[in-house]
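Undergrad: The following block contains the structure, expressed as structure tokens.
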Amino acid sequence: MRIAVFGANGPTGRRLTDQALAAGHEVVAVTRRAGSLAERPGLAVAVADATDPAAVAAAIDGTDAVLSALGARFSKDTITTYSASAMAITGAMARHGVKRLLAVSSSIADPHWRPTGAHFFNHVLDPLVNRRLGRTLHEDMRGMEDLIRQTDLDWTLVRPSGLFDHPAVTAYHTAETSADGVFTARADLAASMLRELEERRYVRTAMGVITTAVKPNIAKLIWNEGVKKK
């Protein structure tokens, strides 16, 4: 399968690209920064701003599916990365007749998500980090989800919990709408998207994905994902 990966130069996108190539897929890695990714067997690099309709249309031409691992950092300012890219990507897919879309969102997009037994997370970290520091980011994620739902594409909204780095894929868990857990390793997020691409268990719905075999350092996670500038 020929797959377009948006956000291919990001922390999740790189894992997604590597795993897709290892699985035998052809990958069009879409990135804004020329020269940030080296071409290799099975991989083509397309330089495009994901919010530019013409550039996006050129990047996905000839692909069979689109996987979006685009992301943004917390900000007090309005964030439009997710919704603007969703508009450009879904429009380009309709133009080229590409039907399959998987887009990374967040468990926070489910208003009823409260991990079982996670008292400190539910009553301290979630209100402070996600609902306050990440408010504008998660508002835009919800906007992206709304835009995608309105299309006639074969979409899956992929909802990880708190993202962290782990070198290998684990025995992750998926569930419809959202999954009952606090953390998701990026390797597992990438693996779950590629499995869903093949199995199509969550077409036109949301897929939660969590990691339970390993856990990150919470303070380090908050610093790396929400505070530190890159």
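The values are calculated or read from the model by the stated rules, or taken from the named source; none is laboratory data. Since the model is a prediction, treat every value here as computed from it, not as a measurement. Using ideal geometry, Cβ is built from the backbone for each residue, glycine included, and neighbour counts are taken over all protein chains shown. Areas reflect the complete protein model, heavy atoms only, side chains present, ligands, DNA and RNA absent. Shrake-Rupley method; radii C 1.70, N 1.55, O 1.52, S 1.80 Å.
Undergrad: I'd like to check something: does segment 75-83 contain any residue that is assigned to a loop (DSSP other than H, G, I, E, B) and without any contact (Cβ under 8 Å) to a residue 40 or more places away in the chain?
TA: No, there is no match, as no residue in segment 75-83 is assigned to a loop (DSSP other than H, G, I, E, B) and without any contact (Cβ under 8 Å) to a residue 40 or more places away in the chain.
Undergrad: Cβ-Cβ below 7 Å, separation at least six or inter-chain, first residue in segment 136-162 and assigned to a helix (DSSP H, G or I), second aromatic (F, W, Y): which pairs?
TA: L137/F74; D140/Y82; M141/Y82; G143/Y82; M144/Y82; I148/W155
Undergrad: Same structure again: Taking segment 45-74 on its own, how many of its residues are outside any helix (DSSP H, G or I), of a type outside the set (V, I, T) and either open to solvent by less than 30 Å² (accessible area, probe 1.4 Å) or touching a residue at least 24 places away in the same chain (Cβ under 8 Å) (or both)?
TA: 16
Undergrad: Kindly indicate which of A175, A168, A190, A179 is assigned to a strand (DSSP E or B) and either more than 16 Å from P216 (Cα to Cα) or free of Cβ contacts under 8 Å to residues at least 40 places away in the same chain (or both).
TA: Residue meeting the stated conditions: A175.
Undergrad: Follow-up. Before we move on, is R33 surrounded by fewer than 18 Cβ atoms within 10 Å (Cβ to Cβ) and within 23 Å of S83 (Cα to Cα)?
TA: yes
Per-residue answers, yes or no, for (1) surrounded by 20 or more Cβ atoms within 10 Å (Cβ to Cβ); (2) of a type in the set (D, E); (3) modelled with pLDDT under 95:
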position	(1), (2), (3)
V124	no, no, yes
A168	no, no, no
D180	no, yes, no
A219	no, no, yes
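Undergrad: Does P11 meet the test of being more than 19 Å from L194 (Cβ to Cβ) and in contact (Cβ under 8 Å) with a residue 12 or more places away in the chain?
TA: no
Undergrad: May I pose another question? For segment 33-62, give me the residue count where each residue is over 24 Å from A22 (Cβ atoms) and out of contact with any helix residue (DSSP H, G or I) (no Cβ under 9 Å at 6 or more places or on another chain).
TA: 1
Undergrad: Separate question: Do any residues in segment 207-230 that are in a helix (DSSP H, G or I) have Cβ atoms under 6 Å from those of residues that are open to solvent by 40 Å² or more (accessible area, probe 1.4 Å) and at pLDDT below 95, where the two are at least six apart or on different chains, and which pairs are they?
TA: If the second residue must be open to solvent by 40 Å² or more (accessible area, probe 1.4 Å) and at pLDDT below 95, the pairs left are G226/F74; G226/L133.
Undergrad: Just to be sure I understand, how many residues within segment 182-217 are open to solvent by 20 Å² or more (accessible area, probe 1.4 Å) and of a type in the set (S, T, N, Q)?
TA: Residues flagged as open to solvent by 20 Å² or more (accessible area, probe 1.4 Å) and of a type in the set (S, T, N, Q) within segment 182-217 amount to 3.
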